[in-house]
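The values are calculated or read from the model by the stated rules, or taken from the named source; none is laboratory data. A quick note: this is a predicted structure, and the numbers were derived from the prediction, not measured. Note: ideal-geometry Cβ built from the backbone for every residue, glycine included; neighbour counts use all protein chains shown.
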Amino acid sequence: MLKQIFSKKEALNFGWQKIKENFLVFLPILLVYFILVILLKYSYAYFLLDYWVFSQDHIPFLVKYSYYLIVILGWIISLSFFKLSLKIADGQKPVFKDIFYSCKIFYKYFIIGVLFLIISTAVNYGIDYLYSSTYEFYKTFGLGLTARIILENLLQIIWFIISIFLFIKLMFYPWFIIDGQGLIKSLKSSWQITKNIKGSLFAFDLLLVLINILGVLVAGIGLLWTVPLSLIALAYIFRKLQIKPESEIII
């Protein structure tokens, strides 16, 4: 008989109960993050308007590269969330000072994040190049317009599937880094711990996406509750998977 390693309902119930107990620890950093992201996005929108309508000169550095600033800001703050949620999953009471972490932990997380960003950007540029290439380029390879469209969309679908697969296989590496593992070891550990359970994790991730969509629908304010709830639930699953006997699998 197959045993169930974790219950989606149990994980969500755990997240719900713990966020009720620890909401005030998450709230300040969530508010800071959302305010900064909103400001940067408005700045980026202004940059686009100024760039295409008015002038391409004298664009502020912070405005021009606000997208990358948002990404880096997300990395900095998400590590705090990972650390807080893991402490809660370990049955400890988090305090505000727990949002801080060592530079050693961040540089590991930063390097992996930059690597993923470079790969994703390179692939997207490659696909965009195919879209922007002239018809004559495809014609030299004997590809008509229909074949070109099919090929380009097929590449998009393949890359999307690969991205989902890699996300699920490597989704736990931040927590392994917080646990003290190195760059390569954290990736290997996440790859191993998700073995044979990709379907269950994918279903749970979809459930979390729906929960956070509900948070967006509540004037966006609901995200202040649903984001930490999701991370605590994932931290709970992370710890459950670490004590998984070899003979057990998720159903």
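Just give me the residues in segment 96-118 being at pLDDT 80 or above and not in a helix (DSSP H, G or I), in sequence order.
none
Could you tell me whether any residue of segment 77-88 is of a type in the set (K, R) and free of Cβ contacts under 8 Å to residues at least 60 places away in the same chain?
yes
For segment 204-222, what are the residues that are of a type in the set (A, V, I, L, M, F, W, C) and more than 14 Å from M171 (Cα to Cα)?
Of everything in segment 204-222, those that are of a type in the set (A, V, I, L, M, F, W, C) and more than 14 Å from M171 (Cα to Cα) turn out to be L207, V209, L210, I211, I213, L214, V216, L217, V218, A219, I221.
Give me the pairs, please: first residue somewhere in segment 181-206 and within 14 Å of Q242 (Cα to Cα), second residue anywhere and part of a helix (DSSP H, G or I) and of a type in the set (A, V, I, L, M), beta-carbon distance under 6 Å, and either six or more positions apart or on two chains.
S186/I177; S190/L170; I193/L241
Looking at L224 and the list (1) among the aliphatic types (A, V, I, L, M); (2) touching a helix residue (DSSP H, G or I) at 6+ places or on another chain (Cβ under 6 Å); (3) without any contact (Cβ under 8 Å) to a residue 60 or more places away in the chain, which single condition is not satisfied?
Failing condition for L224: (3).
Can you name every residue in segment 194-235 that is among the aromatic types (F, W, Y) and either under 15 Å from the mean Cα position of the chain (by Cα) or surrounded by fewer than 16 Cβ atoms within 10 Å (Cβ to Cβ) (or both)?
Those that are among the aromatic types (F, W, Y) and either under 15 Å from the mean Cα position of the chain (by Cα) or surrounded by fewer than 16 Cβ atoms within 10 Å (Cβ to Cβ) (or both): F202, F204.
Restrict the check to segment 38-55 and report whether at least one residue is modelled with pLDDT of 80 or more, on the phi < 0 side of the Ramachandran plot and part of a helix (DSSP H, G or I).
no
Among the listed residues T140, T121, which satisfies the condition of being at pLDDT below 85 and within 29 Å of T226 (Cβ to Cβ)?
Sole residue among the options that is at pLDDT below 85 and within 29 Å of T226 (Cβ to Cβ): T121.
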